[in-house]
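Structure incoming, see below.
The values are calculated or read from the model by the stated rules, or taken from the named source; none is laboratory data. In this text the structure is predicted, and so the values were computed from the model without any measurement. Cβ atoms come from the backbone with ideal geometry, glycine included; neighbour counts cover every protein chain shown. Quick note on the areas: whole protein, heavy atoms, side chains included, nothing else; ligands and nucleic acids left out. Shrake-Rupley method; radii C 1.70, N 1.55, O 1.52, S 1.80 Å.
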Amino acid sequence: MSWRDKLRARRESAPVKLLYAAYARAVRLLYRVERRTAPLEEKLVLFEAFQGRQYTCSPKALYEQMLREERFADYRFLWAFTEEAERRNPMPDARTGVVRYNSRAHKRACARAGTIITNSMPLGFFQPRRGQRLVETWHGTPLKRLGCDIEVDSNAVNTAGEIHARYRDRVQKISVLLSPSDFYTEKLTSAFDLRGAGREVRIVQEGYPRNDFLARCTPEEAADIRARLGVPAGKKVILYAPTFRDDEKLEKAYSYGFTLQMDFDHLLETLGEDYVILFRPHYFVASQFDFARYAGRVINAAGVDDVNWLYVISDLLITDYSSVFFDYAILRRPILLYMYDLERYQGQLRDFYIDLAALPFPIVRTQEALEQAILDQFSGGFSYGEAYRRFNETYTPRDDGGAARRVLEALFPIEGNETDTK
């Protein structure tokens with residue numbers, strides 16, 4: 001029996017299932033009490049990103065846009081954070097409070113907030129009440145298949161059937177889904193099985209609020225971020241942001257893993273002293289990487305909440321199957337796809353929504369090819385050509401710096417100026 005089968009057997013054992021069922025019943029009961037006793041507050045907005053781990057993504061962009069608009073002056077705001085995320089992120093406005101993610105205060109906030117804005121799955125206990133809406137921003141245009149579109153059963157934590165059931169359950173709670181493109185609307189409709197959901201989910205296709213920053217960031221702002229993150233001036237900056245692997249599990253954690261397939265020593269020797277690397281593993285991955293040995297040439301970017309900061313200070317992106325390259329493309333900078341395990345990933349894990357041959361970015365399979373491709377891109381091998389332009393027209397057509405404003409006009413219409421939506 002494989003470790004994955006042992007994990008599932010242990011999780012599905014009678015004592016574990018009974019304990020979890022009892023806990024889930026207690027949580028649902030507590031939440032029902034909160035729903036019945038707490039008044040619904042139309043002008044209270046609750047935000048959350050990546051299960052409370054970060055202050056980032058489209059929830060952050062929408063929140064900060066609301067702070068800028070006078071018409072929201074009488075609104076109140078709450079952010080749900082883990083303890084660590086709360087320490088990192090003091091809130092910038094006196095109208096904003098913080099609740100501990102998945103605490104009783106969080107459940108109370110979920111029960112009374114008129115609008116909840118999240119970029120990931122709502123908690124299992126949550127059930128929307130009359131007059132309340134949950135706005136699902138999600139967190140990236142998908143290359144790899146999601147949710148109900150996953151066909152293979154190779155996940156380290158959940159079976160394909162469990163993933164399908166979770167997506168179908170969660171969509172019953174979503175009121176609004178944000179979208180940046182026709183492609184995104186089509187794929188998220190399929191991944192969440194919206195047509196079979198038995199309820200209407202409103203799709204607001206006005207661009208991705210989190211990408212406003214990429215369209216508007218000035219060179220001065222980028223230089224300030226670079227200094228704050230300790231990136232040496234004058235160096236060429238490479239961002240390496242791989243995604244997790246569904247069939248790998250972290251030891252001592254009920255989460256996914258990632259086995260590093262990058263030889264940083266050889267890469268840095270090949271590139272020379274003029275380069276530094278920002279290494280950002282997926283947020284599921286608790287990195288055990290020894291950054292100290294690289295003396296600032298490989299910089300730990302895992303703790304930077306807002307990945308946009310890393311985008312705007314980097315000169316080139318290396319990723320694999322992550323959605324990050326769709327957003328990074330807005331900057332019109334070089335992108336390399338390091339897909340060393342392509343056959344396994346495509347055939348045994350996820351498969352893709354897009355024919356890889358149609359992407360305008362070089363795909364490399366070995367460390368040697370990667371190193372050569374980096375040198376080629378920096379020595380004049382990159383240009384923003386027609387294929388790259390068509391890519392942006394397809395996947396980021398409305399990421400022009402005004403998405404957050406348009407989304408808020410759709411969610412909170414200004415009388416006589418309602419926004420058309422998809």
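Mind checking which residues of segment 121-137 are part of a loop (DSSP other than H, G, I, E, B), in contact (Cβ under 8 Å) with a residue 60 or more places away in the chain and either surrounded by 19 or more Cβ atoms within 10 Å (Cβ to Cβ) or touching a Pro at 6+ places or on another chain (Cβ under 7 Å) (or both)?
Phe125, Phe126, Gln132, Thr137
Read through the list (1) in contact with a Ser or Thr (Cβ under 9 Å, 6 or more places away or on another chain); (2) outside any loop (DSSP other than H, G, I, E, B), then give the number of the only condition that Glu86 fails.
That leaves (1) as the condition not met.
Sticking with this one: Give just the number: which of (1) open to solvent by 30 Å² or more (accessible area, probe 1.4 Å); (2) under 20 Å from the mean Cα position of the chain (by Cα) does Gly198 not satisfy?
Result: Gly198 passes all but (2).
Pick from segment 208-236 the residues that are assigned to a loop (DSSP other than H, G, I, E, B) and not small (Gly, Ala, Ser): which of them is surrounded by the fewest Cβ atoms within 10 Å (Cβ to Cβ)?
At the first step, the residues of segment 208-236 found to be assigned to a loop (DSSP other than H, G, I, E, B) are 208, 217-218, 229-235.
Filter once more, so that each one left must be not small (Gly, Ala, Ser): 208, 217-218, 229, 231-232, 235.
Working: Tyr208: 30, Cys217: 18, Thr218: 9, Leu229: 16, Val231: 20, Pro232: 13, Lys235: 16.
Looking at residues that are assigned to a loop (DSSP other than H, G, I, E, B) and not small (Gly, Ala, Ser), I get Thr218.
Right, next: Determine whether segment 335-346 contains at least one residue that is open to solvent by 20 Å² or more (accessible area, probe 1.4 Å) and within 26 Å of Arg210 (Cβ to Cβ).
Going residue by residue through segment 335-346, those that are open to solvent by 20 Å² or more (accessible area, probe 1.4 Å) are 340, 342-344, 346.
Filter again for within 26 Å of Arg210 (Cβ to Cβ), leaving none.
So far as segment 335-346 goes, no, none of its residues is open to solvent by 20 Å² or more (accessible area, probe 1.4 Å) and within 26 Å of Arg210 (Cβ to Cβ).
Considering only residues of segment 375-392 that are in contact (Cβ under 8 Å) with a residue 60 or more places away in the chain and over 28 Å from the mean Cα position of the chain (by Cα), which is surrounded by the most Cβ atoms within 10 Å (Cβ to Cβ)?
Among residues in segment 375-392 that are in contact (Cβ under 8 Å) with a residue 60 or more places away in the chain and over 28 Å from the mean Cα position of the chain (by Cα), the one surrounded by the most Cβ atoms within 10 Å (Cβ to Cβ) is Phe378.
Quick one: Ala191 ticks every box in (1) within 20 Å of Tyr345 (Cβ to Cβ); (2) surrounded by fewer than 16 Cβ atoms within 10 Å (Cβ to Cβ); (3) among the small types (Gly, Ala, Ser) except a single one, so which number is it?
Evaluating Ala191 over (1) within 20 Å of Tyr345 (Cβ to Cβ); (2) surrounded by fewer than 16 Cβ atoms within 10 Å (Cβ to Cβ); (3) among the small types (Gly, Ala, Ser) leaves (2) as the failure.
Condition first: touching a residue at least 12 places away in the same chain (Cβ under 8 Å) and aliphatic (A, V, I, L, M). Now tell me which residues in segment 65-115 satisfy that.
Answer for segment 65-115, where residues must be touching a residue at least 12 places away in the same chain (Cβ under 8 Å) and aliphatic (A, V, I, L, M): Met66, Leu67, Leu78, Ala80, Ala85, Met91, Val98, Val99, Ala109, Ala111, Ala113.
So which residues in segment 32-91 are buried (at least 22 other Cβ atoms within 10 Å of the Cβ) and within 15 Å of Arg104 (Cα to Cα), if there are any at all?
Leu46, Gly52, Leu78, Trp79, Ala80, Phe81
Of the conditions (1) modelled with pLDDT under 95; (2) assigned to a strand (DSSP E or B), Arg199 satisfies every one except a single condition; which number is it?
Here Arg199 clears every test but (2).
So if I check each of Arg76, Arg71, Arg4, Arg87, which one is at pLDDT below 85 and among the basic types (Lys, Arg)?
Being at pLDDT below 85 and among the basic types (Lys, Arg) holds for just one of Arg76, Arg71, Arg4, Arg87, which is Arg4.
From the list Val176, Val171, pick out the single residue that is open to solvent by less than 20 Å² (accessible area, probe 1.4 Å) and without any contact (Cβ under 8 Å) to a residue 40 or more places away in the chain.
Details: Val176 fails: without any contact (Cβ under 8 Å) to a residue 40 or more places away in the chain.
That would be Val171, the only listed residue that is open to solvent by less than 20 Å² (accessible area, probe 1.4 Å) and without any contact (Cβ under 8 Å) to a residue 40 or more places away in the chain.
Next question, about the same structure. I'd like the full set of residues that are at pLDDT below 85 and open to solvent by 20 Å² or more (accessible area, probe 1.4 Å), limited to segment 155-168.
Correct list: Asn158, Thr159.
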